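Colleague: One structure, as structure tokens, below. Some questions next.
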Amino acid sequence: MVFGWFKKEKRPGPHTSALVDPAVQATVQWVAEVIGDHMEFQRRAQTAASTFEEARIPELPHYFHGDSVPSSELAGRFPGLGQWMAARQFAIFEILYFIGSPALPLLRRVAHGTYDWTQGNAIEVLCRLAADDVERETTIQDLRMLIPKLRYEAVIYAAGPLVQQARSDTAIAAIIQDLLTVPEFAEVHAEIVQSAM
């Protein structure tokens, strides 16, 4: 599938001051619309990542808060307030995960940025990449210093999916073990584990 990401035709986005590329918008939608099917969601994100220009990675935050309402054909699958925006954000971060190492600077910038739902997503993807041995030690050290400064919501938003993934992924479980030395992470982890019982 050709995504047209090399084209520079752009239009103003509804919730951003920057210009957005309709081809990127369409690709994010293409990935997000199958969020309920984990395997297809990952397949599409990996496909999208394989066609993405590295030089355009810094543009992706312009798409975090755009298109908060799904198209009419998708409205039935995303009826709740914020569901479509969350699906789009998950799609962008899944694409970043499959981009891998070149996405690290953006992921770190978002993780260290102002609190927002995307902060937790960035931390989760950083942990997944660390579990894949992509700058593992640097990421663990960075997160050990960062997590105590974060809002509780950002930590629990990142930790929830990681705890779930750790049940079947020993590399993610090892990352969690490394982060349990941070009291704020250990507290959130204990809450998540307790609520699952």
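Colleague: Under a plain spin-label model, where a point goes 7 Å from the Cα along Cα-to-Cβ, how far apart in nm are Ala186 and Ala171?
Modeller: 2.7
Colleague: I've got another one for you. Filter the trypsin sites (Lys or Arg not before Pro) in segment 32-92 down to the DSSP loop ones having no more than 16 other Cβ atoms within 10 Å, then list what survives.
Modeller: Answer in residue order: Arg77.
Colleague: Using a Gaussian network for the chain with springs between C-alpha atoms less than 10 Å apart, which of these wobbles most: Gln29, Gln119, Gln165?
Modeller: Gln165
Colleague: Output the 0 to 90 degree angle, nearest 10, between the alpha-carbon long axis of helix 183-196 and the longest principal axis computed from the alpha carbons of the chain.
Modeller: 80
Colleague: Given Cβ point charges of +1 (Lys, Arg) and -1 (Asp, Glu) and nothing else, what value in debye, to the nearest 20, does the dipole of the chain about its Cα centre take?
Modeller: It works out to roughly 420 debye.
Colleague: Take every Cα pair under 8 Å in the chain that's 6+ residues apart, average their separations, divide by the length, and report that relative contact order as a whole percent.
Modeller: For the chain, the relative contact order is 15 percent.
Colleague: Hand me the trypsin sites (Lys or Arg not before Pro) from segment 129-193 located in a DSSP loop with no more than 14 other Cβ atoms within 10 Å, in residue order please.
Modeller: Here the trypsin sites (Lys or Arg not before Pro) that fit, given the DSSP loop and packing criteria, are Arg151, Arg167.
Colleague: Equivalent ellipsoid semi-axes for the chain, as square roots of 5 times the alpha carbon gyration tensor eigenvalues: give them largest first, rounded to whole Å.
Modeller: Square roots of five times the eigenvalues give 28, 18, 16 Å.
Each value in this text was obtained by applying a stated rule to the coordinates, not by laboratory testing. Values in this document were obtained by computation on a predicted structure and should not be read as measured data. Note: ideal-geometry Cβ built from the backbone for every residue, glycine included; neighbour counts use all protein chains shown.
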